[in-house]
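Nothing in this text is a laboratory measurement; each read-out follows from the coordinates by a stated rule. Because the structure is predicted, anything quoted here is derived from the model rather than measured. FYI the Cβ positions are ideal-geometry reconstructions off the backbone, even for glycines, and counts take in every protein chain you see.
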Amino acid sequence: MSVSDLSVLELRALSKSFGGVHAVRDVSFEIGKGEFLAMIGPNGAGKSTCFNMINGQLAPDSGEILCEGRSIAGLAPRDIWRLGVGRTFQVAATFGSMTVIENVQMALISHTRETFRLWRPAASHHRGRALELLAQVGMEEAADRPSRELAYGDVKRVELAIALANDPRLLLMDEPTAGMGAGERHGLIELVKRLVVERGISVLFTEHSMDVVFAFADRIIVLARGRLIADGDAAAIRDNAEVREVYFGTGKTFALSASQGAKA
Ligand code: ADP
Ligand code: MG
């Protein structure tokens, strides 16, 4: 089987400009089945623009996005989501007004395409499955608490359960650990990785902590000024001269010693 037979998503020469700013230029890469892929790069490198083209929030100026061989560039976000491209950490505006388990039940109802007319606040729809998902993210005890009362890190865990309720083939996570401390970051990404590996879900994520990236990513792609400048495993990225240059250039260095990030 060739690499492309195994790829869940493929970007081909994707480009997007905003006025005179080439946010993403000619970016090509593939995400393999079950792969845990980190996208890194300084602020303004074009990471979020890439994510937003993949999830349908933005239409590319040129290039192609293939989801299991099918072109999805320019499709509506909902249609892309239906094809199994999930996003974490984008909760509904109504999140706070529901209990923890109701939020997961809503996601399950939505995933199974039941109509919202079936929804009743005290409904037992999918309660068992929702509890199972909450248990997997360590939030079972909080099932019947109002979501608005949750601590920030716990909201992230519930958001993960919601994303998994949609049974995605690919999860997109743009800065999932934003606002978290070092220990919490590590914990969340470790949890995500454990749960997606079990399910064979591919992940594309951005993360500022290079310790976390080097510890968990199967592969790393690096963007700088809209261009993809490197694509490889942790060792290859650490040793890449252009990558080091980009990070030194921003005054931000990362795990350049062999001891850091050696944890695989
Ligand atoms: P990153 O996520 O890597 O920090 P972004 O994709 O957010 O980078 O931004 C890439 C470049 O595109 C930046 O120069 C940014 O200012 C610009 N940009 C992003 N979104 C918009 C927008 N909606 N309108 C104008 N410029 C934008
Ligand atoms: Mg961004």
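Key figures
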{"read-out": "Three-way shape label, region 182-231, alpha-carbon gyration tensor, a/c 1.5", "value": "oblate"}
{"read-out": "Sparsely packed GluC sites (Glu not before Pro) within region 127-211, loop by DSSP, other Cβ within 10 Å at most 16", "value": "none"}
{"read-out": "Separation of the T112 and K33 label points, Cα + 7 Å toward Cβ, nm", "value": "2.7"}
{"read-out": "Gained length - R227 relative to D61, 0.36 nm times residue gap less alpha-carbon distance", "value": "58.3 nm"}
{"read-out": "Highest to lowest packing among 230-239, 74-83, scored as the average C-beta count within 10 Å", "value": "230-239, 74-83"}
{"read-out": "Against the rule of thumb 2.2 N^0.38 Å, how large the Cα Rg of region 52-110 comes out", "value": "1.36"}
{"read-out": "Estimated 222 nm signal from helices in the chain, with DSSP H stretches of n ≥ 4 weighted -39500 (n - 2.57), rounded to 500", "value": "-10000 deg cm²/dmol"}
{"read-out": "Potential extension, T94-E198 segment - 0.36 nm per residue separation minus Cα distance", "value": "34.4 nm"}
{"read-out": "Lys, Arg +1 and Asp, Glu -1 on Cβ, resulting dipole of the chain about Cα centre, debye, nearest 20", "value": "440"}
{"read-out": "Separation in nanometres of the label points that stand 7 Å from Cα toward Cβ, at R82 and E245", "value": "4.6"}
{"read-out": "Inter-label distance, nm, simple model (7 Å from Cα along the C-beta direction), A236/S124", "value": "5.3"}
{"read-out": "Semi-axis lengths, Å, the chain, gyration tensor of Cα atoms, sqrt of 5 times eigenvalues", "value": "32, 22, 16"}
{"read-out": "Rounded FRET efficiency, nearest 0.05, which uses the C-beta distance separating E149 from S71 and R0 of 41 Å", "value": "0.40"}
{"read-out": "Proximal aspartates and glutamates relative to K193, as straight alpha-carbon distance under 18 Å, when same-chain residues fewer than 8 apart are discounted", "value": "E35, E132, D154, E159, D167, D174, E175, E184, E207, D211, D218, D233"}
{"read-out": "Global form of region 137-178, assessed from the alpha-carbon gyration tensor, a/c cut-off 1.5", "value": "oblate"}
{"read-out": "Cα shape, region 21-85, gyration tensor, a/c 1.5 rule", "value": "oblate"}
